[in-house]
1. Quote the FRET efficiency, to the nearest 0.05, computed for Q283 versus A70 with a Förster distance R0 of 56 Å and r equal to the Cβ-Cβ distance.
2. Distance in nm between label sites at A136 and E224, each 7 Å beyond Cα in the beta-carbon direction?
3. Using the Kirkwood formula over every pair of different C-alpha atoms, what hydrodynamic radius in Å results for segment 184-321?
4. Give me the percent relative contact order of the chain, please, defined on Cα pairs under 8 angstrom at least 6 residues apart.
5. Compute the length gained on full extension between N250 and A299: take 0.36 nm times their separation in residues and subtract their Cα-Cα distance, giving the result in nm to one decimal.
6. Would you mind getting me the FRET efficiency between E314 and S265? Use the beta-carbon distance for r and R0 = 22 Å, nearest 0.05.
7. Test of understanding: what is the full-extension gain from H37 to T168, defined as 0.36 nm times their sequence separation minus their Cα-Cα distance?
8. Once the chain is represented by equal point scatterers at the alpha-carbon sites, with solvent omitted, what log10 I(q)/I(0) does the Debye formula produce at q = 0.09, 0.11 Å⁻¹?
Amino acid sequence: MGSLDVSAAAVSCGDRFSWFCETVSSDLMPVSLSTQHTTGFRAKITQLDLGAVRLSTFAFSPVMSRRTSAHVRRGDPEQFQLALVTRGAFRISQLGHESVIDGDLVLTDTSRPMENEGVGADGLVEAVVLQIPRTALPLRSDRVDRLLGQRIPVSGGTTAILAEFLGTLLSHGPQCGGEEINRLGSMTLDLATACLAQQLGALDEAPAEARAQVMRQRINAFIEHNLGDPELTPQAIADRYNISLRTLYNLFREEPFSVAATIRSERIERCRVDLACRDLSSQPVQAIAARWGFSSATAFGRAFREAHGMTPTEYRTNALHT
């Protein structure tokens, strides 16, 4: 199935729930659905194909869903589905595990019977679902079974990194081309693998690229939160994570920018945004540069001109008079 973007808003009010049932069963997987909100039922489903995986968003009025062994026999996409509940809550039951998921992650298996109920305090439930082919997840299925239907807290570490990455994909993924989409899909699979492996206490068993992807995301987050520190250098990052400079450079070998170039480009972008801000127009250019880690006015001016083809002062003048 290709990408999907459908909404119940295009269907007459009386037919919306029936439409939702048919759409879920035909385009996703066979299930039995029921609701107490047939009048004014709301639903929207979008999907972004990422090659190795698929990312979907669901927003709908609260429903109860039941997938039996008969449903599995009728149709099975053979996927693990890792859901991030972003609004309302889900009550999930699978393989003897029962959980209430509110703002966290939960893993389910389409090849096993399951039940879930959406609970929306304001009449709507929303979730982001990463659909992973069973054959693509490089973890032992008997170990993964321990996570099914269990709440996976988004409290930090790889789970927080994955949740933030999925949000970025939803915002910017649709604008990416085919080759870049496939690369993003591989990155997403690596992050999801590392996230689940960590929950199993087996991060060392995850593929090397999955572990490397997690480390890159951690380093990128560290860079983002420390751009204003003029002492932020590749050596400082290597020391922070107790790795060698060679290891750090190898982590970013296949990335569009080196570590040093990433720091520089992020600093320049923060400066560009501030230079175009009318509320900061009275602040000297060098004060803005210093806020984002440039200790040398000359080095900042040279780097900004290389990036934007004009001096910081020229850019500010143009930005504030357009």
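What follows is calculated from the coordinates using simple rules that are stated; it is not laboratory data. Not measured: the values here are computed from a predicted model. Don't worry about glycine lacking a Cβ; one is built from the backbone with ideal geometry, like all the others, and counts go over all protein chains shown.
1. Working: r = 67 Å, r/R0 = 1.20.
Computed FRET efficiency for Q283 and A70 comes out at 0.25.
2. Computed distance between label sites A136 and E224 equals 2.3 nm.
3. On the way: mean 1/r = 0.0596 Å⁻¹.
Value: 16.8 Å, from the Cα pair sum.
4. On the way: 521 pairs, mean separation 39.3, N = 322.
Normalised by residue count, the contact order of the chain is 12 percent.
5. On the way: separation 49, 0.36 × 49 = 17.64 nm, distance 2.66 nm.
Value of the extension gain: 15.0 nm.
6. Working: r = 19 Å, r/R0 = 0.88.
Computed FRET efficiency for E314 and S265 comes out at 0.70.
7. Gain in length upon complete extension: 44.0 nm.
8. Each listed q corresponds, in turn, to -0.59, -0.81.
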